[in-house]
Amino acid sequence: MKPAAFGYFAPRDLPEALSLVSTYSSDGKVIAGGQSLVPLMNFRLARPSHLIDINGIGSLSGIDAADGRVTIGATTRQRDAGTHPDVKVQLPLLAEAISYIGHLAIQNRGTVGGSIAHADPAAELPVVALALDAQMHVQRTDGQRTIPAAEFSLGYLTTVLEADELLTATSFGVPPAGSGWCFSEVARRHGDFALVAVAVLLTLDAAGKVGSASIALGGVGPVPMRAGAAERLLVGEAPTDPVLRAAADTVGADVEPEDDIHASADYRRHLAGVLVRRALTTARARAAVAGNEHV
Ligand SMILES: Cc1cc2nc3c(=O)[nH]c(=O)nc-3n(C[C@H](O)[C@H](O)[C@H](O)COP(=O)(O)OP(=O)(O)OC[C@H]3O[C@@H](n4cnc5c(N)ncnc54)[C@H](O)[C@@H]3O)c2cc1C
C-alpha cells in the first residue's frame with residue numbers, strides 16, 4: 001500500500017517547526033521516526049495533508065544529565081537512548097525497556113518522543129515514563145508547558161497534546177542510589193508489542209525495608225497504569241517472598257484489560273500478576289546488590 005498524497009516540510013529550527021505545526025494543526029502531522037505514522041499512512045488509516053518532518057532540528061535531539069534528571073530530546077533515536085552511558089548507568093530501567101521495543105531496525109529509526117506522543121498503551125516507553133514519574137516538555141508558538149507522565153495519556157493513541165503543540169523532550173528523575181529495577185513483558189513473538197508490560201522500581205532503606213515502590217503496567221487498559229494497591233502494600237515492609245506475592249496478587253484487581261484478538265482480558269490480568277511478582281523479585285535482588293555497592 002502507498003500513502004495518499006501529502007505535502008512535506010522540513011523545518012530547520014524549532015520556531016519554524018512550531019509555526020508550521022500551528023498553521024497545519026487541523027490536518028497536518030509531525031513525523032519523527034515514521035515507524036508508527038508511515039504504516040498508518042500506508043494503510044490509509046491516517047491521511048495528513050502535510051507532514052512536518054522534525055528530524056533536521058538539532059536542538060530536539062540529544063541527552064542531558066544534570067541535577068538528578070536525565071532529559072532526552074524528542075527526536076533522540078530509541079537505540080541511541082538505550083545505549084547512552086548516562087541512561088545505562090542512571091536509568092537502567094529505561095535502558096532495559098528499550099531493548100524490548102520491536103527490532104533493532106525499529107529502535108534505530110524510532111524516536112523516544114515519537115513513542116511517547118503516539119501513546120500506544122502497550123508501548124514500553126510510556127510505561128517506564130509513568131514508573132519514573134517523568135515530565136513531558138511541550139511547546140507551541142506562544143508558550144510551553146510541562147506535563148507529568150501520569151496526566152499525559154488520555155486513552156488509546158490519545159494524549160493531552162494539542163494539535164498545535166510539539167513534544168520537545170522527556171525528563172526522567174534519576175532514582176536514588178540503592179534502587180532496584182526490572183522491566184519485563186510477554187509478547188507472542190519477539191519484536192511484537194507486549195501483551196502485558198511491567199516496569200518496577202524498588203528502593204530499600206538502611207534497614208532493608210521497602211522505602212518506595214513504583215509499579216507501572218502497559219497493555220492492561222487504554223493507558224499505562226500504576227498498581228497503587230501493590231505499591232502501598234510494599235512500602236515499609238521487608239521484601240520477603242510472601243510480601244512480594246501478596247503485593248502482586250492485588251494487581252489483577254487494579255487493571256482494566258479488554259479482550260482482543262491477541263489475548264483475553266482474563267489472560268492479561270493473570271499475566272499482570274505473574275509479571276509483577278517476577279519483576280519485584282528481580283528488582284529486590286538488584287536493590288540488594290546496589291545497596292551493598294553504596295555502603
Ligand atoms: C514492526 C514494528 C514493530 C514495533 N514494535 C514496537 C514495540 O514492540 N514497542 C513499541 O513501543 N513500539 C513499537 N513500534 C513502534 C515504534 O516504537 C515507533 O518508533 C514509535 O511508536 C513512534 O516513534 P516514531 O519516532 O517512529 O514516531 P512517528 O511514527 O514519526 O510518529 C508517531 C506519532 O507521534 C506523533 N509525533 C511524533 N513525534 C512527535 C513530537 N515530538 N511531538 C508531537 N507529536 C509527535 C506523530 O505525529 C504521529 O502521530 C514498532 C513499529 C514497527 C513498524
For the chain, the charge dipole (Cβ of Lys, Arg +1; Cβ of Asp, Glu -1; about the Cα centre) points to a positive end, and the Cα of 240, 100, 272 closest to that extreme belongs to 100
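Placing unit charges on C-beta atoms (Lys and Arg positive, Asp and Glu negative, everything else neutral), compute the dipole magnitude of the stretch 59-173 about its Cα centre in debye, rounded to 20.
300
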Summing -39500 (n - 2.57) over every DSSP H run of at least 4 residues in the chain and dividing by its residue count gives a helix-only mean residue ellipticity at 222 nm, to the nearest 500 deg cm²/dmol, of -10000 deg cm²/dmol
How large is the charge dipole for the chain, taken about the Cα centre, if only the Cβ atoms of Lys, Arg (+1) and Asp, Glu (-1) carry charge, to the nearest 20 debye?
-> 620
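Please tell me the relative contact order of the stretch 166-295 in percent, rounded to the nearest whole number, where contacts are Cα pairs under 8 Å and at least six residues apart.
So the answer I get is 30 percent.
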At a Förster radius of 45 Å, what calculated FRET efficiency corresponds to the Cβ-Cβ distance of residue 235 and residue 163, to the nearest 0.05?
-> 0.65
Karplus couplings for the stretch 240-254 from phi (6.51 cos²θ - 1.76 cosθ + 1.60, θ = phi - 60°), rounded to Hz, Gly and Pro as x?
-> 6, 4, x, 5, 4, 5, 4, 5, 4, 5, 7, 5, x, 6, 8
If the chain between residue 270 and residue 88 were fully stretched, how many nm would it gain, using 0.36 nm times the residue separation less the Cα-Cα distance?
-> 62.5 nm
In nm, the gap between the two label points placed 7 Å beyond Cα toward Cβ at residue 27 and residue 142 is 2.5
Amide H neighbours of residue 76 under 5 Å, at least 5 residues apart or on other chains, H built in the peptide plane: list them.
-> 62, 112, 113
Run the numbers on the stretch 7-53 and let me know its relative contact order in percent, using alpha-carbon pairs under 8 Å that are six or more apart.
-> 56
Quick one: if the Förster radius is 25 Å, what FRET efficiency do residue 1 and residue 154 give, using the C-beta to C-beta distance and rounding to 0.05?
-> 0.30
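No lab work stands behind these numbers, since they all come straight from the coordinates. Just so we're clear, the structure is a prediction, and the values are computed from it rather than from any experiment. Reconstructed Cβ throughout: ideal geometry from the backbone, glycine too, with neighbour counts over all protein chains shown.
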